Amino acid sequence: MPPGLVKAGASRYSPPMPSPEAPSPLTRDALRILARAQGLALSEADLDTVLPLVRATRALLDELTDAPLADVEPTPLYQME
C-alpha cells in the first residue's frame, strides 16, 4: 500500500473477530430466531424442511474459505439495460 494512505497509530476500528475453528452447528431454535429477525414466521414443518438445506448451504460456503483465490482476478460486472 502506498505510504500516506494508512494513518499511523491505533485504528479507530476494532480488530476483526477471530474465526472459530469449527462453527457451531445451526440448530432449529437458532434458525427460528434468524427467520423471525428477517420477518419470517416459519412453522415447525417449515423449519424441519429448511434446516437441512441451510446447513448444506452453510457447509458449501465454508468450503469456499479454503479456495485458493489469492491470484484470481475479480470478474468485472456489466449492467445491461
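For the range 41-81, name all the residues that are of a type outside the set (A, V, I, L, M, F, W, C) and either touching a Cys at 6+ places or on another chain (Cβ under 7 Å) or under 14 Å from Pro25 (Cα atoms) (or both).
Result: Pro52, Arg55, Thr57, Arg58, Asp62.
Can you name the residue in the range 26-81 that is surrounded by 10 or more Cβ atoms within 10 Å (Cβ to Cβ) and in a loop (DSSP other than H, G, I, E, B) and, of all such residues, is nearest to the chain's Cα centre (by Cα)?
For the range 26-81, the residue satisfying everything is Leu26.
Name, by its number, the condition in (1) at pLDDT 80 or above; (2) part of a loop (DSSP other than H, G, I, E, B) that does not hold for Pro23.
In the conditions (1) at pLDDT 80 or above; (2) part of a loop (DSSP other than H, G, I, E, B), Pro23 misses (1) alone.
The values are calculated or read from the model by the stated rules, or taken from the named source; none is laboratory data. The structure displayed is predicted, hence computed values, not measured ones. Note that we place each Cβ from the backbone using ideal geometry, even for glycine, and neighbour counts take in every protein chain shown.
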